[in-house]
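Enquirer: Mind looking over this structure? Questions follow.
Read-outs throughout are calculated quantities, based only on the coordinates presented, and are distinct from any laboratory measurement. From a predicted model like this one, the values you see are computed outputs, not experimental measurements. With ideal geometry, Cβ positions are generated from the backbone for all residues, glycine too; neighbour counts draw on all protein chains shown.
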Amino acid sequence: MKLPANAKFLLFDMDGTLVDTEPVGPQNFVDQLQKYGIKPTNEERELFTKIWRRDGTDIKQDDWLPEIARKYGINRTPEEYLKEFYAMYVEAIIAAPTLSGVDDFLQKLKASGTYKTALVTASKRHQVEAIIARHGWQDIFNVLVTSEDFTKHKPDPQPFLVGIEKLGASPEQCVVFEDSKNGSLAGSAAGCYVIGLRAGNSQQQDLSSADQIVRGFEDIELLKSPMPGSSMDKFNDAMRKILSVPKKNLKDK
């Protein structure tokens with residue numbers, strides 16, 4: 001598929017869209033308990049996965065994880081248990097691979113000079129910067145929007161609205177790339193064109209609010225023309241002005 005012709009700004013979710021981190025949180029939940037010789041039940045694993053993805057529940061992981069620790073008699077304070085969980089999580093997400101087609105797409109994006117970009121994620125800034133450094137994406141994204149930049153999470157549009165504002169864009173010029181139901185709803189509510197991606201989820205997400213649904217970035221074609229305001233654009237504008245001058249005026253000069 002081709003991107004909309006009026007698209008000038010691209011806003012990317014990170015987890016499950018660019019990087020294969022969707023399994024990391026739920027697996028981290030299991031791995032932490034296993035350190036204490038505990039195997040969580042299937043019901044606990046399923047509930048944590050929903051909590052982690054903010055899918056159909058208002059339970060907060062920072063409230064629920066200490067409850068699990070208390071249930072199993074783990075001798076850690078809530079603060080200690082959460083600190084351990086997030087330390088393990090950061091190590092795991094930094095090591096997580098990119099999804100199929102992502103690196104090639106981002107390199108073509110960089111080479112095209114056509115779009116300005118934002119990374120919009122609920123992850124913390126230091127985590128995002130570590131992931132960007134690991135994958136060599138320091139010169140890909142013009143703007144970073146992380147959990148420190150907003151107070152409302154997807155499906156609320158606030159994260160994308162912050163990104164749009166930082167880019168100096170208007171929603172109708174923006175394309176959002178998302179892998180989740182909540183992210184797709186948030187992008188749509190922000191007034192953007194939404195492309196839903198399937199590759200990052202083992203369980204199919206409801207992406208019905210997206211304008212287009214594709215398997216992965218291999219299915220998306222970038223425009224070749226340079227972004228407005230680029231040096232090539234200015235050159236072409238200057239040439240058009242020269243060519244529009246009547247011949248008799250050129251002779252007079």
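Enquirer: Quick one: Karplus J couplings for the range 147-159, per residue in order, coefficients 6.51, -1.76, 1.60, θ = phi - 60°, nearest Hz, x for Gly and Pro?
Expert: 3J(HN,Hα) across the range 147-159, in whole Hz: 4, 6, 9, 8, 10, 10, 9, 3, x, 5, x, 3, x.
Enquirer: What are the residues whose amide H is under 5 Å from the amide H of Glu22, where those residues sit 5 or more places off or on another chain and H is modelled from the backbone?
Expert: Amide H neighbours of Glu22: Gly16.
Enquirer: Here's a follow-up. For the range 17-82, state which trypsin sites (Lys or Arg not before Pro) are in a DSSP loop and have at most 12 other beta carbons lying within 10 Å of their beta carbon.
Expert: Working: sites: Lys35, Arg45, Lys50, Arg53, Arg54, Lys60, Arg70, Lys71, Arg76; in loops: Arg53, Arg54, Lys60, Arg76.
Here the trypsin sites (Lys or Arg not before Pro) that fit, given the DSSP loop and packing criteria, are Lys60.
Enquirer: Helix 42-52 against the longest principal axis of the chain: what's the angle in degrees, Cα atoms only, rounded to the nearest 10?
Expert: It works out to around 40 degrees.
Enquirer: Just check the range 1-127 against the gyration tensor rule for me: Cα atoms, a ≥ b ≥ c as the square roots of the eigenvalues, rounded for a/c under 1.5, and otherwise prolate or oblate depending on whether a/b exceeds b/c.
Expert: Working: a/c = 2.80, a/b = 2.51, b/c = 1.11.
Here the range 1-127 falls in the prolate category.
Enquirer: Convert each backbone phi in the range 162-174 into a coupling constant with the Karplus relation 6.51 cos²θ - 1.76 cosθ + 1.60 (shift: θ = phi - 60°), then list the ³J(HN,Hα) values in order as whole Hz, x for Gly and Pro.
Expert: 4, x, 4, 5, 5, 6, x, 10, 10, x, 5, 8, 10
Enquirer: Can you give the translational diffusion coefficient of the range 24-95 in µm²/s, computed by Stokes-Einstein from the Kirkwood radius over Cα pairs at 20 °C and 1.002 mPa s?
Expert: Working: Rh = 12.3 Å.
Taking Rh from Cα pairs, D becomes 174 µm²/s.
Enquirer: For the range 182-194, what does the Karplus curve 6.51 cos²θ - 1.76 cosθ + 1.60, with θ = phi - 60°, yield as ³J(HN,Hα) per residue in whole Hz, taken in order and with x for Gly and Pro?
Expert: 3J(HN,Hα) across the range 182-194, in whole Hz: 5, x, 5, 4, 5, x, 5, 5, 6, x, 9, 7, 10.
Enquirer: From the helices alone, meaning DSSP H stretches of at least four residues, give me the mean residue ellipticity at 222 nm for the chain, per-run term -39500 (n - 2.57), in deg cm²/dmol to the nearest 500. Don't skip to the end; give the middle numbers.
Expert: On the way: 10 runs with 112 residues, N = 253.
The helix-only estimate for the chain comes to -13500 deg cm²/dmol at 222 nm.
Enquirer: Let me ask another. Just one of (1) 41, 25, 17; (2) 36, 23, 18; (3) 44, 17, 16 is semi-axes √(5λ) of the Cα gyration tensor in Å as worked out from the coordinates here. Which one is it?
Expert: Only one listed value fits the structure, namely (3).
Enquirer: Another one. Per 0.36 nm of contour for each residue apart, how much would the distance between Arg198 and Asn142 grow if the chain were fully extended, relative to their Cα-Cα spacing? Before the final figure, lay out each step's value.
Expert: Numbers: separation 56, 0.36 × 56 = 20.16 nm, distance 2.52 nm.
That pair, Arg198 and Asn142, stretches by 17.6 nm at full extension.
Enquirer: Taking only C-alpha pairs under 8 Å that are 6+ residues apart, what is the relative contact order of the range 24-95 in percent? All intermediate terms of the calculation are to be shown ahead of the outcome.
Expert: Details: 47 pairs, mean separation 25.5, N = 72.
Dividing the mean separation by the residue count of the range 24-95 yields 35 percent.
Enquirer: For the chain, find the longest principal axis of its Cα atoms and tell me its angle to the long axis of helix 231-243, 0 to 90°, nearest 10.
Expert: Tilt relative to the chain: about 20 degrees.
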